[in-house]
Ligand code: RIB
Ligand code: CA
């Protein structure tokens, strides 16, 4: 009986997802049983190559990487290449081609892992929820077998990064979000508000982290080249933020969260100005049952310590 906590990670691998993977790959207290890849930040083929490159950089070719959905359930795919670069990894010329994923589909791999590690599995989602929704549609009883679902997504302050009120992962496939919210899975959201407030890397800190000098340290900082420009120009942050890495840090060590709440969440699926908004009933107006734990504040220093350990 392994004492390691089994993790399954679902990702639309771009520059922040890759750092979250570096953090997970560095741990000796978790067993990454599989990585599922989904279209989101970049088309599926790029997200797959980015995950495979990151796995190789970290010397973790023991971890299977599976291709998943190449588009949302209903909407056409909308990517974030204007945020992360055409290749999703800062367009710095990394050799992100010709690597081979594992046989099989990410949804099948997730369902198999939920059976093999029933009651123990932590699912960490770093991208749109298309693969998760497909798994629920295939086998709704998955909700009884997964121990924790930690999701980078939504925002408790309802401030969006793809429209004024929607966070990107939720916006790409809101129909998938609604299926997940209604599934009964034990959901724990780490929103973009947490990233903007508690996971911003200012230039001085970026330089200090890069000066650790390992290939993973230089990779972690260098691939943020384009997202740093987006943050300075569009989201007006003092540096680049790391949404997926702080969600991964919380999945690995829940004490990263200094405040959480149990809330009712619903999502807007209709096309229009609020598409992808995840409405959080902060004051309990609706009387609807809470269906998710939401991280309200996180510990920046603890996050940096975990990141630093992973790239040293
Ligand atoms: O809104 C931030 C999220 O969208 C992150 O997961 C980022 O990688 C993109 O997928
Ligand atoms: Ca992501």
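Read-outs throughout are calculated quantities, based only on the coordinates presented, and are distinct from any laboratory measurement. Model, not experiment: these values are computed from the prediction. Positions of Cβ are generated from backbone atoms using ideal geometry, with glycine treated the same way; all protein chains shown enter the neighbour counts.
With coordinates expressed along the principal axes, the C-alpha atoms belonging to the stretch 1-58 extend over 38, 18, 16 Å, beginning with the largest. The order of 4, 134, 57, 126, going from fewest to most other C-beta atoms within 10 Å of their C-beta, is 4, 57, 134, 126. For the chain, DSSP calls about 30 percent of its internal beta bridges antiparallel. Three principal axis extents describe the C-alpha atoms of the stretch 89-209; from largest down they are 46, 40, 25 Å. Please label the shape of the stretch 38-111 as rounded, prolate or oblate, based on the square roots a ≥ b ≥ c of the eigenvalues of the alpha-carbon gyration tensor (a/c under 1.5 means rounded; beyond that, a/b larger than b/c means prolate, else oblate). Since a/c reaches 1.5 but b/c is at least a/b, the shape of the stretch 38-111 is classed as oblate.
For the stretch 162-312, the equivalent ellipsoid derived from the alpha-carbon gyration tensor has semi-axes of 30, 18, 13 Å in decreasing order.
Full extension of the chain segment joining residue 259 with residue 157 gains 35.3 nm, where the gain is 0.36 nm per residue of separation less the Cα-Cα distance. The alpha-carbon positions of the stretch 256-312 define a convex hull whose volume is 128 Å³ per residue.
Compactness ratio for the stretch 199-272: Cα radius of gyration over 2.2 N^0.38 Å (N = residue count) comes to 1.40. Over the stretch 180-241, the Kirkwood radius and the radius of gyration, each from Cα atoms, give a ratio Rg/Rh of 1.13. Computed over the stretch 1-154, the Cα gyration tensor eigenvalues convert (square root of 5λ each) into semi-axes of 24, 19, 13 Å, ordered from largest to smallest. Considering all C-alpha pairs of the chain, those separated by over 35 Å amount to 10%. Dividing the helix sum by the residues of the chain, where each DSSP H run of 4 or more adds -39500 (n - 2.57), gives a mean residue ellipticity at 222 nm of -10500 deg cm²/dmol.
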